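Engineer: Quick one: the structure is below, questions incoming.
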């Protein structure tokens, strides 16, 4: 008799609703966004105006990392655009201000599918493809003859009117990296 009573109690326990003894766990809250952040640069010019740059980290990860690291250290703050080629490019990022300076190391080229369209941001270098460091340029017009020869790592998303009016010697007051949730 005791065994039958025990079996009946066990059977009842197996078919009874779970809510009778415990609360069901709540479903997880849906995540907002991917949790990833996108980094963008804001170049504030000494004479006024801001140039915003979106990076291409999937296409040029080491180049983007290099630029972001230098910017976060304040490397670009106060540097000039030392080279202006009307209708072609503006170039800056040289601590010497004459096109011969850099951060003291070289970055290996990351050639990619990105093209030299108006507003493309790419690394300047010497004849050696792996000689980029801190100098970068922004194209004022398409320059497809450079495609596949220089690392394009970003594009201007706003402030192209500022880029168009940069003169030789104009200073970057600051270059800030902003992190935006994706």
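Engineer: Can you give me the Cα centroid spacing of segment 46-68 and segment 120-177 in angstrom?
Structural biologist: Measuring centre to centre over Cα atoms gives 9 Å.
Engineer: Any idea what % of Cα-Cα pairs in segment 37-181 are farther than 24 Å?
Structural biologist: 20
Engineer: If you don't mind, another one. Evaluate the Debye formula for segment 122-169 with equal point scatterers sitting on the alpha carbons, no solvent, and hand back log10 of I(q)/I(0) at q = 0.21, 0.32 Å⁻¹, in q order, two decimals.
Structural biologist: -0.85, -1.29
Engineer: Can you tell me the convex hull volume per residue for segment 142-182, based on C-alpha atoms, in Å³ to the nearest whole number?
Structural biologist: 142
Engineer: Still on this model: Which order do the peptides 164-176, 88-100 take when ranked by the mean count of other beta-carbon atoms within 10 Å per residue, highest first? Provide the component values of the computation, followed by the final result.
Structural biologist: Details: 164-176: 15.8, 88-100: 17.6.
Peptide ranking by packing, descending: 88-100, 164-176.
Values quoted throughout were computed directly from the atomic coordinates according to the rules given, and no laboratory measurement underlies them. Not measured: the values here are computed from a predicted model. Because the Cβ atoms are built from the backbone with ideal geometry, glycine has one as well, and the counts that use them run over all protein chains shown.
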